[in-house]
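Just below is one structure, and these are the notes that go with it.
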Amino acid sequence: QVQLVESGGGLVQPGGSLRLSCAASGIIFRLNAMGWYRQAPGKQRELVATITSGGSTNYADSVKGRFTVSRDNAKNTVYLQMNSLKPEDTAVYYCNAGLRRTPWASEYDYWGQGTQVTVSS
């Protein structure tokens, strides 16, 4: 069984910062790309940022320059540092990871349970 456990969400004022963490646990042979997605009420889930096992990153235009994605491969953990937060960043943030559980297994996507981020004064 593989689990992605997120932490770090909460309520913050506009202009503030939050740091999300997501740790993958269980039987994992290889952890490939990891990332963050978000879903606001009434909207579709959208990509926020991704990072490969080698450290290459990709960001949504709406968060470039404000958010930073990073990972600690030794801890199977991905982070999202969010600065200069805006009310439109309010959403449930989901962690995602592509991984193989054994050397002969196919890669599958796994998702965390989501953590609420609310930006409001």
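The values are calculated or read from the model by the stated rules, or taken from the named source; none is laboratory data. Quick caveat: nothing in here was measured; it's all calculated off a predicted structure. All Cβ positions, glycine included, derive from the backbone under ideal geometry; neighbour counts span all protein chains shown. We work out accessible area using only protein heavy atoms, side chains counted, and drop any ligands, DNA or RNA first. Shrake-Rupley method; radii C 1.70, N 1.55, O 1.52, S 1.80 Å.
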Here is a check on your reading of the model: is ARG71 under 14 Å from LEU4 (Cα atoms) and modelled with pLDDT of 95 or more? yes
Condition met for SER84 (open to solvent by 20 Å² or more (accessible area, probe 1.4 Å), at pLDDT 95 or above, closer than 29 Å to PRO14 by Cβ and in contact with a helix residue (DSSP H, G or I) (Cβ under 9 Å, 6 or more places away or on another chain)): no
Output the residues belonging to the range 67-86 that are of a type outside the set (S, T, N, Q) and closer than 19 Å to SER121 by Cα. MET82, LEU85, LYS86
Check SER106, SER56 and return the single one that is small (Gly, Ala, Ser), at pLDDT 95 or above and loosely packed, with under 14 Cβ neighbours inside 10 Å. SER56
Out of all the residues in the range 81-91, is one or more within 16 Å of GLN3 (Cα to Cα) and either in contact with a Pro (Cβ under 6 Å, 6 or more places away or on another chain) or part of a loop (DSSP other than H, G, I, E, B) (or both)? no
Residues satisfying the stated conditions in the range 22-41, i.e. open to solvent by 30 Å² or more (accessible area, probe 1.4 Å) and either part of a strand (DSSP E or B) or modelled with pLDDT of 95 or more (or both): ALA23, SER25, GLY26, ARG30, ASN32, ALA33, TYR37, GLN39
Can you pull out the residues in the range 45-101 that are among the aliphatic types (A, V, I, L, M) and either within 15 Å of SER17 (Cα to Cα) or more than 14 Å from the chain's Cα centre (by Cα) (or both)? VAL63, VAL69, ALA74, LEU80, MET82, LEU85, ALA91, LEU99
Got a sec? Which of VAL63, VAL48, VAL69, VAL117 is outside any strand (DSSP E or B), open to solvent by less than 20 Å² (accessible area, probe 1.4 Å) and of a type outside the set (S, T, N, Q)? VAL63
